[in-house]
Amino acid sequence: MQIDLKGRTALVTGSTQGIGAAIATGLARSGARVAVNGRSADRVREGAAAVEREVPGADVVPVAADVTTEEGAGKVAETLSQVDILVNNLGVFGAADPLEITDAEWRRYFEVNVLAAVRLTRLFLPGMTERGWGRVQYIASDSAIVTPAEMIHYGMSKTALLAVSRGFAKQAAGTGVTVNSVVAGPTHTGGVEDFVYELVDRDLPWDEAQRAFMREHRPQSLLQRLIEPEEIANMVVYLSSDQASATTGGALRVDGGYVDSILP
Ligand SMILES: NC(=O)c1ccc[n+]([C@@H]2O[C@H](COP(=O)([O-])OP(=O)(O)OC[C@H]3O[C@@H](n4cnc5c(N)ncnc54)[C@H](OP(=O)(O)O)[C@@H]3O)[C@@H](O)[C@H]2O)c1
């Protein structure tokens, strides 16, 4: 399958590192013009340069803006007059005693992980439906389906994102715009190695360490290793393509079989 995204403009929120950076690179590799986003101009410049190093000749637009604010979302809309592929990747996560999570923290998880994505969808979906082509995606998590006791606020936000995705897919019904969420599982992003080595023998080489970590601490995973960011990006690139035109309103899993269910 040859995926060709030439002529499409993509915005990937939170793409200066991790899964977002891999998605931006994957979309650029398939020919899309890609907006790399983060909060600071320096980090965004570095993120954009990293995509250009990976994909020489890529058309990359650095967009420094805090997309969790109305002002930041407005700045994105001013910089990019048209977005054909919107990837709502930005998300915060962390462990907390459920009884200790404050109202402010509940609101922060909702505002960063859900409302920011809703706001950008409101800004860019109408243009897509008018033009008769578009792709909106939300990066959810296994925690949307298997609520972790130590991350209820995070799980809540990702479950909400699945509802948002399904709802906007209905809103876009019959327009040529598809709307989906990607259920990502435990992924090898920055900081994860330190976390793994806190829990397993520090002398183990990385590959063995991650397998020991998965065996002992994530036994539900059928993959039995962490997912690489590029493996999440591959699904996002496919969903962004013309070839994925009949997939909408879905929650597509790239979770290494972590969620113990046959559907979706
Ligand atoms: N990592 C995993 O194992 C995993 C598993 C399942 C799902 N996910 C989901 O995948 C997504 C990406 O996760 P990740 O681990 O790759 O994230 P990450 O490494 O923490 O990266 C977060 C990105 O978001 C940017 N960012 C943070 N706040 C921002 C804001 N207010 N406005 C604009 N950009 C902002 C950061 O850029 P700056 O710091 O430069 O602003 C950075 O590029 C999240 O939605 C997460 O919930 C992750």
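So what is the relative contact order for the chain, in percent, with contacts set as C-alpha pairs under 8 Å and at least six apart?
The value is 19 percent.
For the ranges 72-83, 230-241, what's the packing order if you count other beta-carbon atoms within 10 Å of each residue, average per peptide, and put the highest first?
Peptide ranking by packing, descending: 230-241, 72-83.
What does the charge count near Gly74 come to, summing +1 for each Lys or Arg and -1 for each Asp or Glu among other residues with Cβ under 14 Å from its Cβ?
Taking every Cβ under 14 Å from that of Gly74, the sum is -1.
Just order 147-155, 114-122, 172-180 by mean Cβ neighbour count inside 10 Å, highest at the front, would you?
Most protected by this proxy first, the peptides run 114-122, 172-180, 147-155.
Farthest toward the dipole's positive end in the chain, which of Ala96, Gly256, Ala77, given Cβ charges of +1 (Lys, Arg) and -1 (Asp, Glu) about the Cα centre?
Ala77
Please list, in chain and number order, the residues 5+ apart from Thr187 or on another chain whose amide H is under 5 Å from its amide H, with Hs placed from the backbone.
Ile227
To the nearest 20 debye, what is the magnitude of the charge dipole of segment 3-84 about its Cα centre, counting +1 on the Cβ of each Lys and Arg and -1 on the Cβ of each Asp and Glu?
Dipole of segment 3-84, to the nearest 20 debye: 200 debye.
Can you grab the distance from the C-alpha centre of segment 180-195 to the C-alpha centre of segment 26-82, Å, no decimals?
21 Å
For the chain, with only Lys/Arg (+1) and Asp/Glu (-1) charged at the beta-carbon, what is the dipole magnitude about the Cα centre, in debye rounded to 20?
1040 debye
Using modelled amide H (1.01 Å from N, peptide plane; none on Pro or chain starts), what sits under 5 Å from the amide H of Val61, excluding residues fewer than 5 places away?
Here the answer is Val34, Ala35, Val36, since their amide H atoms fall under 5 Å of that of Val61.
Using the crude model of +1 on Lys and Arg Cβ and -1 on Asp and Glu Cβ, and no other charge, please compute the dipole size for segment 165-236 relative to its Cα centre, in debye to 20.
Taking the Cα centre of segment 165-236 as origin, the dipole is about 640 debye.
Which value in nm describes the separation of the simple spin-label points at Lys170 and Asp242, placed 7 Å from the Cα toward the beta carbon?
A separation of 3.2 nm, rounded to one decimal place.
For Gln2 and Asp194, calculate 0.36 nm times their separation in residues minus their Cα-Cα distance, and state this gained length in nm to one decimal.
Net length gain for the segment: 65.4 nm.
Relative contact order of segment 190-262, please, whole-number percent, based on alpha carbon pairs below 8 angstrom and at least 6 residues apart.
Details: 46 pairs, mean separation 21.2, N = 73.
So the answer I get is 29 percent.
If packing is taken as the average count of other Cβ atoms within 10 Å, what order do 32-38, 244-250 fall into, highest mean first?
Sorting 32-38, 244-250 by mean packing, highest first, produces 32-38, 244-250.
Using r as the Cβ-Cβ distance of Glu54 and Asp103, and R0 as 45 Å, what FRET efficiency do you calculate, to the nearest 0.05?
The pair Glu54/Asp103 has a calculated efficiency of 0.60.
Any read-out appearing in this document is the output of simple, stated calculations on the displayed coordinates, not a laboratory observation. Note that this is a predicted model, so its numbers are computed, not measured. A quick note on method: Cβ atoms are made from the backbone with ideal geometry, for glycine too, and the neighbour counts reach across all protein chains shown.
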